[in-house]
Amino acid sequence: MFDLQFTESALEDLRFLKRFEQSYILDAVERQLSAEPLTPTLNRKPLRPNDLAQWELRAGSFRVFYDVDGASRVVWIKAIGWKEHNRLVIRGKEYIL
């Protein structure tokens with residue numbers, strides 16, 4: 001099992017959302033990332049090199065960006081946002097990967 005850690009920025013991203021959205025995302029993170037965060041699936045994929053994160057988890061229209069430290073078995077949740085068509089929005093502002 002991997003330990004799930006949220007950066008302060010990711011916690012702020014989460015607080016920006018409504019309670020039911022927060023619950024939905026936290027459930028998806030626990031279910032998808034606690035066991036095999038480095039296995040690509042329909043909802044998990046590695047990203048091209050960027051400044052945000054190495055991996056993306058898709059939970060409905062929401063996106064969770066994370067890095068994995070395999071040696072210490074820690075998943076670092078770095079950002080949480082949502083997609084509006086082809087735009088990624090984090091805390092109400094468009095973000096370009």
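The numbers here are math on the coordinates, done by the rules we state, and not lab data. Everything numeric in this text was worked out from a predicted model, so none of it was measured. Reconstructed Cβ throughout: ideal geometry from the backbone, glycine too, with neighbour counts over all protein chains shown.
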Could you grab me the full set of residues in segment 59-95 that are more than 17 Å from LEU11 (Cα to Cα) and assigned to a loop (DSSP other than H, G, I, E, B)? GLY60, SER61, GLY70, ALA71, SER72, ARG73, HIS85, ASN86
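Give me the residue from segment 1-26 that is among the acidic types (Asp, Glu) and either touching a Gly at 6+ places or on another chain (Cβ under 9 Å) or more than 18 Å from TRP55 (Cβ to Cβ) (or both) and, out of that set, surrounded by the fewest Cβ atoms within 10 Å (Cβ to Cβ). Write out each step before concluding.
So the first thing to find is which residues in segment 1-26 are among the acidic types (Asp, Glu), and the list is 3, 8, 12-13, 21.
With the extra rule that they be either touching a Gly at 6+ places or on another chain (Cβ under 9 Å) or more than 18 Å from TRP55 (Cβ to Cβ) (or both), the set shrinks to 8, 12-13, 21.
Numbers: GLU8: 7, GLU12: 14, ASP13: 22, GLU21: 17.
Across segment 1-26, the extreme among qualifying residues is GLU8.
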What are the pairs, 6+ residues apart or on separate chains, where a residue within segment 42-53 that is without any contact (Cβ under 8 Å) to a residue 60 or more places away in the chain and part of a loop (DSSP other than H, G, I, E, B) has its Cβ under 7 Å from a residue that is surrounded by 10 or more Cβ atoms within 10 Å (Cβ to Cβ) and among the basic types (Lys, Arg)? ASN43/ARG58; LEU52/LYS78; ALA53/LYS78
Going through segment 76-97 in order, the residues found to be loosely packed, with under 12 Cβ neighbours inside 10 Å and closer than 20 Å to LEU26 by Cα are GLY92
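Would you check which residues across segment 53-75 are touching a Phe, Trp or Tyr at 6+ places or on another chain (Cβ under 8 Å), farther than 18 Å from ARG31 by Cβ and surrounded by fewer than 18 Cβ atoms within 10 Å (Cβ to Cβ) and list them? I'd like the intermediate steps shown before the answer.
Narrowing segment 53-75 to residues touching a Phe, Trp or Tyr at 6+ places or on another chain (Cβ under 8 Å): 53-57, 59-63, 65-69, 73-75.
Checking which are farther than 18 Å from ARG31 by Cβ leaves us with 53-54, 67, 69.
Selection gives GLN54, ASP67, ASP69.
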Could you run through segment 1-41 and say how many residues are within 12 Å of the chain's Cα centre (by Cα) and in contact (Cβ under 8 Å) with a residue 40 or more places away in the chain? 11
Filtered residues of segment 48-79 (kept if of a type in the set (Lys, Arg) and within 21 Å of MET1 (Cα to Cα)): ARG58, ARG73, LYS78
